[in-house]
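Visitor: Sharing a structure below in structure tokens format, with a few things to ask.
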Amino acid sequence: MTDRRRSAPMPAVLRTGRPAPHPARSIRCPHCAAAPGARCTTISGRHTKTAPCPARIAAHAQQTAVCPTCQVAPGTPCHDNGIQRPDNSPVHNRRYTEAEEMAA
């Protein structure tokens, strides 16, 4: 018998690599303490998550982008007319968008 391939090779045009990691993975996660470059985990550390923790995304936006709403520099927390924002929404939504545009 001849050695036949059971399927045709996939064209290079159709091959795709892994998607690029989220830019927030460049910093340590304040929620689950995942190291820079590593994926976020559950608090117990047993399972890895496919997406970064929301706290990690917020920390990345705070460290890298200028907030268009309250005009604070990177690294400075957002505020509402001088009053600190609550912990459940530490940065303005427009700052997330600015951080995504800078990473692209």
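The values are calculated or read from the model by the stated rules, or taken from the named source; none is laboratory data. The model shown is predicted, which means the values in this text are computed figures rather than measured ones. So basically every Cβ, Gly included, is an ideal-geometry build from the backbone, and we count neighbours across all protein chains shown. Keep in mind that these areas ignore ligands, DNA and RNA; they rest on the heavy atoms of the full protein, side chains included. Shrake-Rupley method; radii C 1.70, N 1.55, O 1.52, S 1.80 Å.
Visitor: Condition test on SER89, is it among the small types (Gly, Ala, Ser) and open to solvent by 60 Å² or more (accessible area, probe 1.4 Å)?
Guide: Criteria not met by SER89.
Visitor: Evaluate the stretch 18-40: report whether one residue or more is more than 20 Å from the chain's Cα centre (by Cα) and open to solvent by 40 Å² or more (accessible area, probe 1.4 Å). Lay out the reasoning, then the answer.
Guide: Filtering the stretch 18-40 for residues more than 20 Å from the chain's Cα centre (by Cα) gives none.
There is no residue in the stretch 18-40 that is more than 20 Å from the chain's Cα centre (by Cα) and open to solvent by 40 Å² or more (accessible area, probe 1.4 Å).
Visitor: If I ask for residues that are farther than 26 Å from GLY37 by Cβ and open to solvent by 50 Å² or more (accessible area, probe 1.4 Å), which ones from the stretch 53-86 would you list?
Guide: Correct list: THR69, GLN71, HIS79, ASP80, ASN81, GLY82, ILE83, GLN84, PRO86.
Visitor: While we're looking at this one, here's another question. Hey, can you tell me all the residues within the stretch 82-96 that are part of a loop (DSSP other than H, G, I, E, B) and among the charged types (D, E, K, R)?
Guide: Within the stretch 82-96, ARG85, ASP87 qualify.
Visitor: Sticking with this one: I'd like the residue in the stretch 56-104 that is of a type in the set (D, E, K, R) and closer than 29 Å to ILE43 by Cβ and, out of all such residues, is modelled with the lowest pLDDT.
Guide: ASP87
Visitor: Also: Which condition breaks for SER44 when tested against (1) open to solvent by less than 90 Å² (accessible area, probe 1.4 Å); (2) part of a helix (DSSP H, G or I); (3) among the polar types (S, T, N, Q)?
Guide: (2)
Visitor: For the stretch 15-41, name all the residues that are in contact with a helix residue (DSSP H, G or I) (Cβ under 6 Å, 6 or more places away or on another chain) and not in a loop (DSSP other than H, G, I, E, B).
Guide: PRO23, ALA24
Visitor: Scan the stretch 47-81 for residues that are closer than 20 Å to VAL91 by Cβ, in a loop (DSSP other than H, G, I, E, B) and of a type in the set (Val, Ile, Thr) and jot them down.
Guide: Once the filter is applied, which keeps residues that are closer than 20 Å to VAL91 by Cβ, in a loop (DSSP other than H, G, I, E, B) and of a type in the set (Val, Ile, Thr), the stretch 47-81 yields VAL66, THR69, VAL72, THR76.
Visitor: Another question, then. Suppose we filter the stretch 8-17 for residues that are closer than 30 Å to MET102 by Cβ, open to solvent by 100 Å² or more (accessible area, probe 1.4 Å) and not charged (D, E, K, R); how many remain?
Guide: 1
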